[in-house]
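Quick notes on the structure that follows.
The values are calculated or read from the model by the stated rules, or taken from the named source; none is laboratory data. No experiment lies behind these values; they were computed from the predicted model shown. A quick note on method: Cβ atoms are made from the backbone with ideal geometry, for glycine too, and the neighbour counts reach across all protein chains shown. Remember, those area values only see protein heavy atoms, side chains included, never the ligands or the DNA or RNA. Shrake-Rupley method; radii C 1.70, N 1.55, O 1.52, S 1.80 Å.
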Amino acid sequence: MNNADMSKVDGTWWRSGTVYQVYPRSFRDSNGDGIGDLGGLLEKIDYLHWLGVDAVWLSPVYRSPQHDNGYDISDYRDIDPTFGTLAQLDEVIEALRVRGMRLIMDLVVNHTSNEHPWFTESRSSRPSAKRDWYIWRPPREGFAAGEPGAEPTNWESFFSRPAWTLDEATGEYYLHLFAPEQPDLNWENPEVRHAVYSMMNWWLDRGVGGFRMDVINLISKAHPFGDGPLLADTGRGDGREWYLHGPRLHEFLREMHDEVFAGREAGLVRVGETPDITVGQARALSDPDEGMLDMVFQFEHVSLDRAPDDWKRPVPMEREAVYRNLAAWQDGLAERGWNSLYWTNHDQPRTVSRFGDDSPQHWAQSAKTLATVMYLMRGTAFVYQGDEIGMVNMPFTSIGEFVDVSAMEYIRAGLARGRDQLDLVSDLSRTSRDNARTPMQWSSEPAAGFTSGTPWLAVNPSATWLSVQAQRDDPHSVLSHVRAVIAARTQLAALASGDFVDVYTGDVRVVVYDRVDGGHRVRVVANLSSDTVAIDQAVTDLLTDQGLSEVDILCVGEASAGSLAPWASRVWTTNA
Ligand code: TEU
Ligand code: CA
C-alpha cells in the first residue's frame, strides 16, 4: 500500500487531497435570475469529478440577508431561497458522495446576521435572556450614547468603520468586527457554544464531510477590553490584542472536538480560517495530538503586497518574498501541524494577475507554473473556482463597478478623506474581493455560460477567450495542467506526506525544492519570473544520475541546456 492508499484507511485523505472552493453566487446559475445556485452546482458536479478533486468547500448558502454574500447568517439550519432548498443541498451531498467526493460547509460562527432571531432577541431589551449572547457595552465613560468617540473602545472593524454600533433602543453598543450587520457572538457564554455545536452536529448528521471555519481565531476575546494603538488615516485603533487568538481559543476548540467530532467516523476535516496567525500558533492549532483543527489558512503570503494596517491598500511586493514565505511555512509545520496550500479564494485577487504575469505572452505559463509550485508542496491543496483555468483580475475603471461591502466602505472612507476617485479604483483594482467574484467562465457564450439572464456582477471581458470550454479538450491548456497536478498529488508517492526540502539556488527567481519520502523523491524546478534564467546544467545531469526522470505531463515551457524560459518549470521523480 502506498501513502495515498494508507490515508484512505486512517481518514487523512486530505493529505494528498484537493479541495475545490465554490463561491455559489458566481459559480453557475440554473434558473436565469443571474445568481448562481445549488441547481447550478448540481449541473457541474461531473466537471468537478473530471477535474479530480476530492471535496468541495461551499461558501455560505444558509439563510442570509446577503449583506456580505452569505457570511451574515440568519438561519444556520436552512438554505437561502436565492440558492435553493435544503432538499437540493442533500442532493449535492449525495451527488458528491456517489462520486467519492465530500462536501465541506462554511461555518461562520464568530458572528451572525443582525437579522438572526438570536440577535433580534438579544437587542430587544437589556434584561433579555439572550442579551449576553452578543457583546454589549455601555458608552465610554463621560460620553453620551451616539456622541462621536462614545464607542466603548477605539477599534476599527475589518470593513473600515468603528467596530461598535449603537443600538438606540437600549442605549448600548454591540461589537461587530466586520459589518454592523454582522454582530459578534459572545463565546464566553456556554449557551452560545452549545447552540453552535448542536448546529454542527445537525449538519454532520446530514452527511457533510467537515467545515471551513470562518475567522475561527477571533472567537475568543481577551477581557477587559481597552483602546488599541492608532492606525494610520482613520483615527481609530487596532484592537487585535483583544480579539486575535484570544486566551480561550484552544479551550473552545477542544470543547468543540469533544462535543462534535469525538466518536464520529474518520475523515471529517476541520480547516480554520485564521487571519494574522503566526507559524507557532498554527503549529499548535493543527497538531494532530491536540485535536483542535486539521489545518489552518494562514495569511502571510497574501499580505506581502498589502499595507500592514489596511489590507485594501496595495504596496509593492518583492516577488521572491512569496516563495521564501511559503518555504518558511513548510519548515515551520514540518514536524507538527499541517499546511493548507492556496493562492487565492473569494477574498483575494486572481492568482495569475497577482503572483504571475497575465500579459498575453506569459499568462498560460505563469498560471501553470504557479499551480505546480504551490500544489506540489506538503499540505492540502485548495483550488478556488476559476483558478484552474487561470482567470484574471477584472479591468475595473470606475468606483461604481465595485459591489463588495468592504470595497464600498473603503471607497466611502477614502472619499470622506478627500482621496481621488481614480486612486481608489487603482487600489481596489489590485485588492478588491470583487476580482474573485466575477462569474465563473464556462464558455464564450453571452454571460460566459454562467447564466441565461443578467449576471449579478459583470462578467470579466476575458471570457471571449478564457473559459472551461476553450481549455477542456486542449492538452496544453492551464486547465489540463491543473488537472494533471491534482492527479499527481495522489500518484507520485513522495507527495502525500514526504518531507519538503528547499534547495537553495542562489537566484531568487528560481525555485527548487524536493519532496522526499523514504526512497521516493520528487523535484520541482521553476522559474518564477518573466525573464529567461540560467540554471546549472549540473543540476539536471545529477538528477539523471540519481535515477530521476522528468514527468512530461507536468513540465511547462522550454528548458534548453542551461536555461529555463520565462515561467517554465520542470518536475522530476524517482521511477517508482
Ligand atoms: O474573511 C475574514 C477576513 O479576514 C477577511 O476580512 C480578510 O481580511 C479580507 O477578506 C482580505 O483577505 C472571512 C470571509 O472569508 C469573508 O468573505 C467574510 O467577509 C469575513 O470572514 C466575515 O465573515
Ligand atoms: Ca439562480
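Residues are listed down the side, and each one gets a yes or a no for (1) within 30 Å of W14 (Cβ to Cβ); (2) part of a loop (DSSP other than H, G, I, E, B):
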residue	(1), (2)
F500	yes, no
D507	no, yes
D531	no, yes
I553	yes, no
W567	yes, yes
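Could you please let me know if L370 is aliphatic (A, V, I, L, M) and closer than 30 Å to L333 by Cα?
Numbers: aliphatic (A, V, I, L, M): yes; closer than 30 Å to L333 by Cα: yes.
The answer is yes for L370.
Where in the range 426-496 are there helices (runs of 4 or more DSSP H), lying fully within it, with 3 or more residues that are open to solvent by less than 20 Å² (accessible area, probe 1.4 Å) and touching a Leu at 6+ places or on another chain (Cβ under 8 Å)?
Details: elements: 434-437, 468-471, 478-491.
Ranges flagged: 478-491.
Mind checking which residues of the range 409-422 are open to solvent by 60 Å² or more (accessible area, probe 1.4 Å) and closer than 18 Å to D309 by Cα? Step through it out loud before you land on a result.
Looking only at the range 409-422, we keep the residues that are open to solvent by 60 Å² or more (accessible area, probe 1.4 Å), and these are 412, 415-422.
R412, R417, R419 - these are the residues of the range 409-422 that are open to solvent by 60 Å² or more (accessible area, probe 1.4 Å) and closer than 18 Å to D309 by Cα.
Going through V508, V501 one at a time, which residue ends up being open to solvent by 40 Å² or more (accessible area, probe 1.4 Å), β-branched (V, I, T) and more than 27 Å from S16 (Cβ to Cβ)? Talk me through it step by step, then tell me what you get.
Working: V501 fails: more than 27 Å from S16 (Cβ to Cβ).
Residue meeting the stated conditions: V508.
In the list A436, A470, which residue meets the criterion of being within 16 Å of ligand 1 (Cβ to nearest atom) and not polar (S, T, N, Q)?
Working: A470 fails: within 16 Å of ligand 1 (Cβ to nearest atom).
Going through A436, A470 in turn, the sole match is A436.
Among the listed residues Y76, Y47, Y71, identify the single one that is at pLDDT 95 or above, within 16 Å of ligand 1 (Cβ to nearest atom) and not in a loop (DSSP other than H, G, I, E, B).
Testing whether each residue is at pLDDT 95 or above, within 16 Å of ligand 1 (Cβ to nearest atom) and not in a loop (DSSP other than H, G, I, E, B) leaves just Y76.
Quick one: V392 ticks every box in (1) more than 30 Å from C555 (Cβ to Cβ); (2) in contact with a Leu (Cβ under 8 Å, 6 or more places away or on another chain); (3) of a type in the set (A, V, I, L, M) except a single one, so which number is it?
Failed condition: (1).
Name every residue in the range 30-61 that is away from ligand 2 (no atom under 15 Å from the Cβ), touching a Gly at 6+ places or on another chain (Cβ under 6 Å) and open to solvent by 30 Å² or more (accessible area, probe 1.4 Å), in order of residue number.
Within the range 30-61, just D54 meets the criteria.
What number goes with the only condition from (1) at pLDDT below 95; (2) among the acidic types (D, E); (3) under 16 Å from the mean Cα position of the chain (by Cα) that E320 does not pass?
Among (1) at pLDDT below 95; (2) among the acidic types (D, E); (3) under 16 Å from the mean Cα position of the chain (by Cα), E320 violates only (3).
For residues that are open to solvent by less than 40 Å² (accessible area, probe 1.4 Å) and either among the aromatic types (F, W, Y) or in contact (Cβ under 8 Å) with a residue 60 or more places away in the chain (or both), tally how many sit in the range 323-343. I'd like the intermediate steps shown before the answer.
Applying the first criterion (open to solvent by less than 40 Å² (accessible area, probe 1.4 Å)) to the range 323-343 yields 323, 325-327, 329-330, 332-333, 337-343.
Subset that is either among the aromatic types (F, W, Y) or in contact (Cβ under 8 Å) with a residue 60 or more places away in the chain (or both): 323, 327, 329-330, 338, 340, 342-343.
Selection size over the range 323-343: 8.
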